[in-house]
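One structure is given here, and the rest of the page talks about it.
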Amino acid sequence: MCMERVGQKISSSSFRSVFKIVDKEALHWFPGHMGKGLKQMQQKLRSVDCVIEVHDSRVPLSGRNIDFKYTIAGIKPHILVLNKVDLIQRKYIEKIETKLKNEYENIIFTNCKDQKCKGISELLSTAQHLINNSNRYNRSDANDFNIMIIGVPNVGKSSLVNALRVKHLHKGHASPVGAAPGITRSVLNKIKISEDPLFYMLDTPGILTPTVQDTEAGLKLSLCATLQDHLVGETVMADYLLYHLNKYEHFKYVSYFKLQNPTDDILIVLSQICRDRKKMLRIRNFENEYILKPDFDLAAKIMLTSFRNGDLGRIVLDEGLL
């Protein structure tokens, strides 16, 4: 089968069918604050009415900490929030819901950057309905509602807390946010997110499983900045991204990085980025003369940032699993 590409026809067989990573150990990351945070979360469960699990819409199936269902959520009402919905193709939303319906009864898609987001608007009313129809045990006489927000690192938990505060209290941020995983280090005190009804939320640190068993799932998490970039390596991550883009025919990168055609060679892409954006290293050669060399590491970072910002198109990294 041949497919029309930019400037010429390229056979699908021109691209890699599998991605090979040499150092699988790079995908293991479970720092001490995660273990401490997990224990704190378990200790707080008695004071919680509902658990909201937040995950990245780009990896709705890969990378979720399945232990949450047993160690944290338990019998508490549970809502799965798939955040960053603005970064995925709309056609996959129904497929994602169908795939997850046996595991989660309540799934809400959100975009914390959009205060008009339907998911943000309906989240607290959904939580209130579930809590009112559940056995609150030791909190049956409480007049307030307590929610614990959980999830793997950097999926937007703190951003969701802040978006709810702005939506319902018209107040500024109460929980720190950042582009790197691991910003929230411990279970915080209660944060008020609504006055009427009275809702409080516990923000928690992102918790991964101690070992990411599926190498490809680990690479997808890395692309979504759930693992720190340097642990896997920006060039390796950029190469996996290129592999994925080609495999599922997402060729917006060609025009975005001003390439002539799609390519399976990451060095061609990184070299073009360096040329176009003048990202060169000035180094001495063996003859003690200065020469210019492409800064591949910086180019890889630029490529990853472009994906994370949505500049390469709306992409579900789990589309092969749907």
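No value in this document is a laboratory result; all are computed from the given coordinates. Quick caveat, the model's predicted, so the values are computed rather than measured. In this analysis, Cβ positions are derived from the backbone assuming ideal geometry, glycine residues included, and neighbour counts consider all displayed protein chains.
Listing Ile107, Ile315 from the residue with the fewest other Cβ atoms within 10 Å to the one with the most, what is the order? Write down the numbers at each step before the final one.
On the way: Ile107 17, Ile315 21.
Exposure proxy ranking, most exposed first: Ile107, Ile315.
Among the lysines, which fall within straight-line cross-link reach of Lys171, defined as a Cα-Cα distance under 27 Å, with same-chain neighbours fewer than 8 residues apart omitted?
Lys171 reaches Lys44, Lys84, Lys113, Lys116, Lys118, Lys157, Lys190, Lys192.
Between Val18 and Asp196, what length comes free when the chain is fully extended (0.36 nm per residue of separation minus the Cα-Cα distance, one decimal in nm)?
Numbers: separation 178, 0.36 × 178 = 64.08 nm, distance 5.27 nm.
So the extension gain works out to 58.8 nm.
Between Gln115 and Asn309, with labels modelled 7 Å along Cα→Cβ, what's the label distance in nm to one decimal, could you check?
Taking the two extended label points, one gets 2.4 nm.
Whose amide H sits under 5 Å from the amide H of Ile108, counting only residues 5 or more places off or on another chain, with H placed in the peptide plane?
Excluding prolines and chain starts, which carry no amide H, the hits are Leu80, Val81, Leu82.
Check each of the chymotrypsin sites (Phe, Trp or Tyr not before Pro) in region 225-322 and keep only those in coil by DSSP with at most 15 other C-beta atoms within 10 angstrom; list them in order. Before the final figure, lay out the partial values.
Values: sites: Tyr240, Tyr243, Tyr248, Phe251, Tyr253, Tyr256, Phe257, Phe286, Tyr290, Phe296, Phe307; in loops: Tyr248, Phe251, Phe257, Phe286.
Answer in residue order: Tyr248, Phe286.
What is the fewest-to-most order of Lys84, Lys44 by other Cβ atoms lying within 10 Å of their Cβ?
Working: Lys84 23, Lys44 16.
With the sparsest Cβ surroundings first, the list reads Lys44, Lys84.
Note down the relative contact order for region 233-321 as a percent, whole number, built from C-alpha pairs under 8 angstrom at least six residues apart. Present the calculation step by step, with values, prior to reporting the outcome.
Numbers: 83 pairs, mean separation 27.5, N = 89.
Computed over region 233-321, the figure is 31 percent.
Rank these for me by crowding, Thr226, Thr305, Thr98, going from fewest to most other beta carbons within 10 Å. Working shown, then result.
Values: Thr226 25, Thr305 13, Thr98 10.
Least crowded to most crowded, the residues run Thr98, Thr305, Thr226.
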